[in-house]
Amino acid sequence: MLEVIDVWKKYPPKTQALREVSFEAEEGSITAVFGENGSGKTTLLKVIASFLIPDRGKVLIDSVNIVEKPSFAVEKVSISTGYERSFYYRLSVEENLKFFGMLNDLLGKTLKRETERVMKELGLLECRKKRYMELSTGYKKRVDVARALMKKASIYIFDEPCSGVDLRTRLKIHEIMKRLKESGRIVIFASHDLEDLKIADRVIVLKKGEKVLEFSPKKEDLAAVLRGILEIQAFPGD
Ligand SMILES: Nc1ncnc2c1ncn2[C@@H]1O[C@H](COP(=O)(O)OP(=O)(O)OP(=O)(O)O)[C@@H](O)[C@H]1O
Ligand SMILES: [Mg+2]
C-alpha cells in the first residue's frame with residue numbers, strides 16, 4: 001500500500017511545486033497523474049521514489065515513512081524518469097540495460113535472461129547493439145521503460161512513458177503496465193494524454209501543484225470528467 005499524505009514541496013526561492021497532495025494506491029492498481037506542463041507531476045513521482053525530500057508530509061510504503069527512511073523506497077520502487085542523460089550514450093542498448101540490471105543485483109544467467117526478456121518485450125532486440133546516442137526519441141523511451149523493468153519492485157513509476165512513441169509501442173506500454181498491475185504491483189504514471197487515462201484505476205489531476213480532482217475512469221462518465229478537466233486546464237483568458 002502506498003499512502004501520500006499532505007505532501008508539500010517548494011523549489012526555492014518561490015516555486016511551490018506541490019501543495020497538500022494526498023492520495024492512496026493499493027497493490028494491483030494503476031494510478032495516472034494528469035496535469036498540464038509544470039503542474040508538479042514529475043516532482044510528485046520523484047518524491048514517491050525518494051529522489052526528492054518533501055518539505056512537509058509523509059509518504060508511506062507498507063506503513064514505512066520513506067521520508068524518514070529513503071532506503072526503503074530504494075528497495076521497493078523502480079522509476080523510469082524519462083531523463084536521457086541518465087544513460088551511457090556510448091554504450092549499446094543491451095550494455096545499458098545490463099549495467100542497470102547489475103546495479104539492481106542481477107547477475108550471471110538471471111541478468112542475461114532478464115535483459116533478453118525486457119528487450120523482447122519492448123521490441124529492442126533488433127537494435128540491441130546500437131549505441132544509445134544513435135536511437136530515435138521513441139526508442140530511447142522504450143529503453144527507459146525497459147530499464148525500469150530490470151528491477152524487481154513493488155511500485156513501478158513511469159514519467160510520461162508514452163510521450164513520443166508510436167501507437168503500437170503505446171499499446172505495448174499499456175499492456176506492460178496492466179501486466180504489472182495483474183501481478184499485484186502498484187503502477188503510477190504521469191501523462192498529458194487522455195488516451196492513457198483509460199487504463200488507470202484512479203486518476204489524480206494536478207494543477208499548480210494542487211490535487212484538484214481524483215476520479216475513476218472506469219466507473220465515471222469519462223466524457224463528463226474530461227469536460228471538467230478541460231475547464232480546470234483552461235488557459236487564463238480562454
Ligand atoms: N529543479 C528544479 N528547480 C526549480 N524549479 C523546478 C525544478 N524542477 C521543477 N521545477 C518547477 O516546479 C514546477 C513543477 O514542475 P514539474 O517538473 O514537477 O512539472 P510537470 O507536471 O512534470 O511538468 P511537465 O508536464 O512539463 O513535465 C514547475 O513550475 C517547474 O518549473
Ligand atoms: Mg514532468
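What to note about this one:
Conditions (1) among the aromatic types (Phe, Trp, Tyr); (2) within 23 Å of Ile61 (Cβ to Cβ), marked per residue:
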{"position": "Phe158", "(1), (2)": "yes, yes"}
{"position": "Cys162", "(1), (2)": "no, no"}
{"position": "Arg179", "(1), (2)": "no, yes"}
{"position": "Ser191", "(1), (2)": "no, yes"}
{"position": "Leu194", "(1), (2)": "no, no"}
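- Every pair of residues 6+ apart whose Cβ atoms lie under 8 Å, when the first sits in the range 23-40 and is charged (D, E, K, R) while the second is in a strand (DSSP E or B) and within 9 Å of ligand 2 (Cβ to nearest atom): none
- Of the residues in the range 96-117, none is within 16 Å of ligand 1 (Cβ to nearest atom) and either among the aliphatic types (A, V, I, L, M) or out of contact with any Ser or Thr (no Cβ under 8 Å at 6 or more places or on another chain) (or both).
- The range 24-43: number of residues that are of a type outside the set (D, E, K, R), closer than 21 Å to Lys198 by Cβ and near ligand 1 (Cβ under 9 Å from one of its atoms): 3
- Within the range 148-166, residues that are farther than 13 Å from Leu122 by Cβ and basic (Lys, Arg) reach partners that are more than 12 Å from ligand 2 (Cβ to nearest atom) and part of a loop (DSSP other than H, G, I, E, B) with beta carbons closer than 7 Å, at six or more positions or on different chains, in the pairs Lys151/Asn104.
- Screening Thr81 with (1) modelled with pLDDT of 95 or more; (2) surrounded by 15 or more Cβ atoms within 10 Å (Cβ to Cβ); (3) of a type in the set (Ser, Thr, Tyr) gives one miss only, at (1).
- Yes/no for Phe87 being surrounded by 14 or more Cβ atoms within 10 Å (Cβ to Cβ), more than 21 Å from Ser163 (Cα to Cα) and in contact with a Phe, Trp or Tyr (Cβ under 8 Å, 6 or more places away or on another chain): no
- Evaluating Ser22 against the criteria (1) of a type in the set (S, T, N, Q); (2) over 17 Å from Leu213 (Cβ atoms); (3) loosely packed, with under 15 Cβ neighbours inside 10 Å leaves one unmet condition, (2).
- For the range 25-37, a residue qualifies if it is surrounded by fewer than 17 Cβ atoms within 10 Å (Cβ to Cβ) and at pLDDT 95 or above, and the qualifying residues are Glu26, Glu27, Gly28.
- Residues located in the range 64-83, provided they are charged (D, E, K, R) and part of a helix (DSSP H, G or I): Glu75, Lys76
- Unmet requirement for Gly82, which otherwise passes all of (1) under 23 Å from Ala146 (Cα atoms); (2) of a type outside the set (S, T, N, Q); (3) without any contact (Cβ under 8 Å) to a residue 40 or more places away in the chain; (4) touching a Pro at 6+ places or on another chain (Cβ under 9 Å): (3)
- Candidate set: the range 31-49, residues that are in a loop (DSSP other than H, G, I, E, B) and either more than 10 Å from ligand 2 (Cβ to nearest atom) or acidic (Asp, Glu) (or both); chosen: the one farthest from Phe189 (Cα to Cα): Glu36
- Residue within the range 200-208 that is surrounded by fewer than 19 Cβ atoms within 10 Å (Cβ to Cβ), within 16 Å of ligand 2 (Cβ to nearest atom) and over 13 Å from the mean Cα position of the chain (by Cα) present: yes
- Residue within the range 167-181 that is surrounded by fewer than 19 Cβ atoms within 10 Å (Cβ to Cβ), modelled with pLDDT under 95 and part of a loop (DSSP other than H, G, I, E, B) present: no
The values are calculated or read from the model by the stated rules, or taken from the named source; none is laboratory data. These numbers come from a predicted model, not from an experiment. FYI the Cβ positions are ideal-geometry reconstructions off the backbone, even for glycines, and counts take in every protein chain you see.
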